[in-house]
């Protein structure tokens, strides 16, 4: 995960920040390197020592892109101190949600298709930042963007670095990303495309950033900061929950109820790391998918995270070196990350179902088109809710849930009288199978089925399956007759 020390400063301090008049608009490169290293070290250390989890934490690339292009450079155009204050506030919200165990509940109500689409949209945004940083894609008045000069040294080195890391990863060479970054950096320095660094080691300095965040950032918070805070919280928790569960499965840290052992401490570690990152000058901290590398090598305990924390802490002394890595060395990594995140387009999204396809597509394309993660989330969630209501899915869901858990009013098949208050019964599909959430596809639409009342097993009641449940059932199976 050490590449984050190189890539994060390049995203948070772009060419725009170096233009005349913009010098103080963005966090400095050295501050970002130190903040990234220390927040990653603290978050990983807490996760390893207290949670005994082999998870390594670091700022998320997608959230860094949103910070720069959605809050500082474009979009909300907040002062950097105010933008960093929203990061601190989002960390406090994550800690509060973790304390009341509400994080998992919030994630459970978010549609799976929107979760997958969010990852894809962030991947496209990250890749676009990579192309833009080396001017392979440039602005155009007529077509918004156009292809840049691919024959300039930076573009050629970017394409060469992308092919290099692709080949190395194909042959499963360890450290492929670092080898690519180092190779392109040396070529850039030797060929004169980028100047050599003037310093390599420097004692970490926590300059005026914490004071500015507290004295200028928090007083500058307003109603326009609610969206950034919610975006940081929602995307962070989405990333943390997804990565933590996937990586925990690899490490056999998932219990019988499919919960991650010590998972709450994973969220707490990210919350503390995020608060520290915002105070020092970086973006929200999440669990890195690269944690899978340590687990694949046999790491199963918190020692993995503690070792990574120590290395992050030492790396803070090399801020001048990391800050001088040229963008053509980091751009291939950003494009590669975008490529790997795009695989989620085939996972969790039913493209044949327009009720999922339309919101997912809007989420994916609006993020890179508007350089904004919240815009994509808003478009996806709003369209999903509208389609969910207008197509009657809410009614189908309610009726199905009611049928599954027992109607409050049932009808006696013999007497035809309504009997209120009978809960918890189940429906028999045939002589041997009961209706539940796992065999819903076997229920026939517009049919009545035998109701079994657990309180009065001798009394037979019938009820009808919801009309909107478009489900198939083999012909010839017996069903109970009912009133017309």
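The values are calculated or read from the model by the stated rules, or taken from the named source; none is laboratory data. Note that the coordinates shown come from a computational prediction; the quantities given were computed from them, not determined experimentally. Glycine gets a Cβ as well: all are built from the backbone with ideal geometry, and neighbour counts include every protein chain shown.
When residues in segment 280-336 are screened for being within 22 Å of residue 208 (Cα to Cα) and in contact with a strand residue (DSSP E or B) (Cβ under 6 Å, 6 or more places away or on another chain), 3 of them pass.
The residues listed here are 64, 108; of these, the one that is surrounded by fewer than 24 Cβ atoms within 10 Å (Cβ to Cβ) and either free of Cβ contacts under 8 Å to residues at least 40 places away in the same chain or farther than 16 Å from residue 272 by Cβ (or both) is 108.
Can residue 353 be described as at pLDDT below 85, under 30 Å from residue 387 (Cβ atoms) and in the same structural domain as residue 167 (by TED's automatic domain parsing)? Judged against the criteria, residue 353 is not a match.
With a requirement of 1 or more residues that are at pLDDT 90 or above and touching a helix residue (DSSP H, G or I) at 6+ places or on another chain (Cβ under 8 Å), the helices (runs of 4 or more DSSP H) lying completely within segment 24-139 that satisfy it span 29-49, 61-66, 80-99, 112-133. When segment 140-156 is filtered for residues that are assigned to a helix (DSSP H, G or I) and modelled with pLDDT under 90, nothing remains. None of 299, 222 is over 17 Å from the mean Cα position of the chain (by Cα), without any contact (Cβ under 8 Å) to a residue 12 or more places away in the chain and in the same structural domain as residue 381 (by TED's automatic domain parsing) except 222.
For every residue, the table says whether it meets (1) in contact with a helix residue (DSSP H, G or I) (Cβ under 9 Å, 6 or more places away or on another chain); (2) surrounded by 15 or more Cβ atoms within 10 Å (Cβ to Cβ); (3) on the phi > 0 side of the Ramachandran plot.
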| position | (1), (2), (3) |
| --- | --- |
| 141 | no, no, no |
| 149 | yes, no, no |
| 153 | yes, yes, no |
| 168 | yes, yes, no |
| 171 | no, no, no |
| 194 | yes, yes, no |
| 200 | yes, no, no |
| 205 | yes, no, no |
| 209 | yes, yes, no |
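Residues in segment 237-252 that are surrounded by fewer than 22 Cβ atoms within 10 Å (Cβ to Cβ) and modelled with pLDDT of 80 or more were compared, and the one that is farthest from the chain's Cα centre (by Cα) is 252.
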